[in-house]
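The values are calculated or read from the model by the stated rules, or taken from the named source; none is laboratory data. Note that the structure is predicted; figures quoted are calculated from it, not measured. Don't worry about glycine lacking a Cβ; one is built from the backbone with ideal geometry, like all the others, and counts go over all protein chains shown. Side chains are part of the model used for accessible areas, which takes the heavy atoms of the whole protein and leaves out ligands, DNA and RNA. Shrake-Rupley method; radii C 1.70, N 1.55, O 1.52, S 1.80 Å.
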Amino acid sequence: MFKFATWTQNPSKATDIGSIGDGYIARLRRMWLWTVQIAHQMQPTPRQSKNKEAEVITTILALEKTLDAHKTSVHELEMQLYVGTITNVIEFNLQLAKARS
């Protein structure tokens, strides 16, 4: 049986037969880890879509249009408040809160 205390105190003086193969097993494990690491590093990088730039630009433009529409609706509601053409204050407050959120 492997004498753990003896091996941890001085690995070069481990006297049990179980300790003979420890170096070999550790070397095999290091070789396996190295092989796995190299295999992972040698994988090609994932390809990106050729149209990715166009998709991103389209998304940005759509978001800008949405933001402009949002600002316009908030401005229109604020102008109604300023001019005083509001008939239902509660409904107006709900619309303004919804437009600002």
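Worth pointing out:
- Cross-chain or 6+ apart pairs with Cβ under 8 Å, segment 56-85 first and open to solvent by 90 Å² or more (accessible area, probe 1.4 Å), then among the aliphatic types (A, V, I, L, M): L81/L96
- In segment 77-89, the residues that are in a helix (DSSP H, G or I) and touching a helix residue (DSSP H, G or I) at 6+ places or on another chain (Cβ under 9 Å): L77, E78, Q80, L81
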